[in-house]
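What follows is a single structure, written as structure tokens, with notes after it.
The values are calculated or read from the model by the stated rules, or taken from the named source; none is laboratory data. None of these values were measured; they are calculated from a predicted model. Every residue, glycine as well, gets a Cβ built from its backbone with ideal geometry; the counts of neighbours run over all protein chains shown. Surface accessibility is based on the protein's heavy atoms, side chains included, excluding ligands, DNA and RNA. Shrake-Rupley method; radii C 1.70, N 1.55, O 1.52, S 1.80 Å.
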Amino acid sequence: MIISNLLTRVPVLLRVLIAALGLPFTVGIAHAVTDGLPGMVGIGTWGSEVEFKDFKVTKNGELLYESDFRKGMEGWKTFRGRWEVIDGALRQTSTEADCRALIGDPGWIDCTITLKARKIAGDEGFLVLFGYPAADADFKSWLNLGGWGNSHHALQSPNIFEKRTPGRIETGRWYEAKVELSGDNVRAYLDGQLVQSARLPSVAGAQRNLGNALIPDLVADPSIFEVGGMFYCYATTDGMGQGLATAGLPVVWKSRDFLNWSFSGSIFPAGFDLKYWAPSAPVKKDGRYYLFPTLNNRITAVVADSPEGPFYLPNGGEINSRSGWKTFPITVGHPIDADIFKDDDGSFYMSWSERFMAKLNQDFTAFDGEPFKVRTKRGGYSEGPVILKRGEVYYYLYTLGGSESYQYAYMMSRHSVRGPWEAPDRDIIATTNREAGVFGPGHGTFFNPAGSSRWFFVHLEYGRSGTNRHVMAAEMQFNADGTIEPIQLSLDGVGALRPDPAYAATNLALGAKVSASSTRADVRIKPIADPLLNRIETFSPSNAIDASNGSRWMARDGDEAVWLQIDLGKIHPLSRTEIYFVTPTKGHAYLLETSLDGQNWKRAGGHEDVRIQSPHVDKQLGEVRYLRVQIRRGAPGIWEFRVY
């Protein structure tokens, strides 16, 4: 029995009842990304007071709306600002940012907007809004006239690659503005002159496969460490929604085969409250493990008795905003992104952002001698350095650019870690590969598994834009003269590097039927540096059982009874399930139920308390055909749901 997904507002108790009955039911599927820019239209300001009049919307010559502000603001929806009608014009008199007034239907598409506007006071010009599903939507979609301190004009939208043109808006002068939305084309005019145009990327040709990420979470800046047959991945936890201002809980992911990863809790004691970014791989010295993460934007030394922590200050103290912790004494360059290299004579060297390097003293509290700078072939800002030695050759690897334009280049020395360094002819070894769908291979690591001659490049990839990145892996090749071949980047991953008996059984969720309480609408991923990036993230329930760490199922916002159900097709004896929730570093509470017929359910696992780990494992489930997980607390989504 299928309940229609057209019922977008179903009472919570009814949906709980439907879930209890085991009925496949999907509610509230939002509109998928489509060609064009459908949505409400309107006007806005940013740091300026502006009045508007003669606002008109037409489509194919037909009038959709025409303002008459003498009659008030009927039909208009506002977001921020002080909006009022004065002398027949709609005036906004607040100088706060992002003040909006919108009119129309979220389904309006392929229309033309015309209006008149006059700046009264403030630092910027005015905005013409389009493509809004609601007045308070959490994104920008507008023509910005006189933005950036009244210096430039630009079209800004999640669907548009931003390019600014010089321009300003004078105070006290009436301007005529027009925005034409026609299929994939957007054109913007000021006083009859074309000032901006853009072509939207094709929906049909968009990249929807975001790849088989190494780790089932949004992470970046990875460092790989191996000891005792275990791989450890230390990384920045992304996806916290506040850009560079924050990062998620510090954790370390571990794996015996480099394919199946897990973590449990933080690597710091309770009370840790600093921003944790770009950790080095730990180094073992005198039986202890030293880690050099960037904490609150500065490299800091911490130490533990285990690679899994907990990590403390070298003097044994806890590290948090109240403990009086000290950062590593770096006085040159940008003190972020440490990498530690152990030379053949047992000495350790730290490299960090902007090509600096120095030898560490015996207790890792300061440098032994003055820092020096590696002279590279290519200039410009650089971060994420890595030093390695293979055979008799030292390598210094460094990044260029950022976002989709991230690259890795390298230098070689056949003498010492101090150089002299020389650049090979083909010194850029990792760059965007549009054909493979890999963008911005940036801050990462290069490593050689124990007992193997193979080398691998593990790197962040552009992912979902901004600080919503993920980590990919690719094998690298060396030539006979020691030079590195340009790395063949791929979305496929490298698979298992050695067997793990715990994963010898078949994942029965592959190929099963799956349904969910709701599904989040598709999202177009905004380009930052490459206008050819054309990605759409989907959130289908099938993403949770596709054996790919780069795709996820997400319930829609507002779903108050979140569940995902799997039908294995026939009854199986199950030994365990593994659930990799979205945003696992914030923790989850859930209920796992099983059934033989999809009608009668029994509790089989889960927990009421919020636990910070991934995956969440339940064992000895018995004879099962159907499984259903209800997410009680935590992000309403799943990267992978495995069944054994």
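Fully extended, how many nm does the chain gain between Ser452 and Asp425 (0.36 nm per residue separation, minus their Cα-Cα distance)?
Numbers: separation 27, 0.36 × 27 = 9.72 nm, distance 2.78 nm.
My answer for the length gained is 6.9 nm.
What value does the range 290-330 have for Rg/Rh, both radii from Cα atoms and Rh as Kirkwood defines it?
0.93
Between Ala366 and Arg633, how many nm apart are label points set 7 Å from Cα along the C-beta direction?
Output for this residue pair reads 4.7 nm.
Defining a contact as two alpha carbons under 8 Å apart and six or more residues distant in sequence, what relative contact order in percent does the chain show? Can you show the working numbers first?
On the way: 1730 pairs, mean separation 75.3, N = 644.
Value for the chain: 12 percent.
If you stretched the chain out fully between Ser202 and Gln242, how much longer would it get, using 0.36 nm times the residue separation minus the C-alpha to C-alpha distance?
11.5 nm is the gain from fully extending Ser202 to Gln242.
One-quarter of the Cα convex hull surface for the range 69-159, in nm²? Each step should come with its number before you reach the end.
Numbers: hull surface 24.9 nm².
With every direction weighted equally, the projected area is 6.2 nm².
Give me the Kirkwood hydrodynamic radius of the range 198-288 in Å, from all C-alpha pairs, to one decimal place?
Result for the range 198-288, one decimal place: 15.4 Å.
Per residue, how much accessible area does the range 347-429 show when a 1.4 Å probe rolls over the protein heavy atoms, in square angstrom?
41 Å²
Suppose the chain between Ala547 and Asp305 were pulled fully straight at 0.36 nm per residue; how much longer would it get relative to their current alpha carbon spacing?
83.7 nm
Under a 1.4 angstrom probe, counting protein chains only, how are Glu66, Glu578 ranked by accessible area, largest first?
Of Glu66, Glu578, the descending order of accessible area is Glu66, Glu578.
Would you calculate, for the chain, the mean residue ellipticity at 222 nm contributed by helices, counting each DSSP H stretch of 4 or more residues as -39,500 (n - 2.57) and dividing by all residues, to the nearest 500?
On the way: 2 runs with 13 residues, N = 644.
Taking each H run of at least 4 residues, the total per residue is -500 deg cm²/dmol.
So what is the diffusion coefficient of the range 281-410 in µm² per second by Stokes-Einstein at 10 °C and 1.306 mPa s, using a Kirkwood Rh over Cα pairs? Each step should come with its number before you reach the end.
Values: Rh = 15.6 Å.
Approximately 102 µm²/s, per Stokes-Einstein.
Which residues among the range 105-121 fall inside the zone where the amide N is under 19 Å from a point 7 Å beyond the Cα of Asp87, along Cα→Cβ?
So the set is 116-121.
Name the residues whose placed amide hydrogens come within less than 5 Å of the amide hydrogen of Ser518, ignoring near sequence neighbours (fewer than 5 apart) on the same chain.
Sorted by chain and number, the residues that satisfy this are Val27, Arg556, Trp563.
From the phi angles alone, apply the Karplus equation (6.51, -1.76, 1.60; θ = phi - 60°) to the range 335-346 and give each ³J(HN,Hα) in whole Hz, x where the residue is Gly or Pro.
x, 10, 6, 6, 9, 10, 10, 9, 7, 5, 8, x
Residue by residue, what Karplus-based ³J(HN,Hα) values in Hz, rounded to whole numbers, does the range 273-286 have, using 6.51, -1.76 and 1.60 with θ = phi - 60° and x for Gly and Pro?
Per-residue couplings from phi come out as 9, 9, 7, 10, 9, 6, x, 6, 6, x, 10, 9, 8, 6 Hz.
Would you kindly derive the ³J(HN,Hα) couplings of the range 636-644 from the backbone phi angles with the Karplus curve 6.51 cos²θ - 1.76 cosθ + 1.60 (θ = phi - 60°), listing them in order in whole Hz, with x for Gly and Pro?
So the J values, rounded to whole Hz, are x, x, 9, 6, 8, 10, 9, 10, 10.
Taking every Cα atom in the range 65-220, find the radius of gyration and the maximum pairwise distance Dmax, and write them in Å.
17.6, 61
Modelling each spin label as a point 7 Å along the Cα-to-Cβ direction, I'd like the Asp286/Ile612 distance in nm, to one decimal.
With each label placed 7 Å out from Cα toward Cβ, I get 2.9 nm.
Enumerate by residue number the GluC sites (Glu not before Pro) in the range 385-483 meeting two conditions: DSSP loop (anything except H, G, I, E, B), and at most 13 other Cβ atoms within 10 Å of the site's Cβ.
Glu392, Glu435
Can you list the residues, at least 5 places off or on another chain, whose amide H is less than 5 Å from the amide H of Thr583, using H built in the peptide plane?
Amide H neighbours of Thr583, under 5 Å, 5+ apart: Leu218.
Quick one: which residues, 5+ away or cross-chain, put their amide H under 5 Å from the amide H of Cys111? H built at 1.01 Å from N.
Leu181
Work the Kirkwood hydrodynamic radius out for the range 300-377: mean of 1/r over every pair of different alpha-carbon atoms, inverted, in Å.
Final number for the Kirkwood radius of the range 300-377 is 13.8 Å.
Just checking my list (1) 1.08; (2) 1.01; (3) 0.95 against Rg/Rh (Cα atoms, Kirkwood Rh) computed from this structure; which label fits?
(2)
Would you kindly calculate the mean projected area, averaged across all directions, of the convex hull enclosing the Cα atoms of the range 111-161, in square nanometres?
Seen from a random direction, the Cα hull of the range 111-161 projects 4.4 nm² on average.
With just the Cα atoms of the range 519-599, tell me how far they stretch along each of the three principal axes, in Å, largest first.
51, 26, 23
So what is Rg over Rh here for the range 506-644, counting just Cα atoms and using Kirkwood for Rh? Please list the in-between numbers first.
Values: Rg = 15.5 Å, Rh = 15.5 Å.
Using only Cα positions, Rg/Rh for the range 506-644 is 1.00.
Would you mind computing, in nm to one decimal, how far apart the modelled labels at Ser405 and Ala521 are, each placed 7 Å from Cα along Cα→Cβ?
3.2 nm
Among 226-237, 500-511, what's the highest-first ranking by average C-beta atoms within 10 angstrom per residue?
Descending mean neighbour count gives 226-237, 500-511.
How much accessible surface does Phe52 have with a 1.4 Å probe, in Å² rounded to 10?
Accessible area of Phe52: about 0 Å².
Using a probe of 1.4 angstrom, how much of the accessible area of the chain is carbon and sulfur, in percent?
Summing carbon and sulfur atoms, their accessible area is 48 percent of the total for the chain.
As an exercise, use a Förster radius of 41 Å and the Cβ-Cβ distance of Lys389 and Glu318 to find the FRET efficiency, rounded to the nearest 0.05.
About 0.70, to the nearest 0.05.
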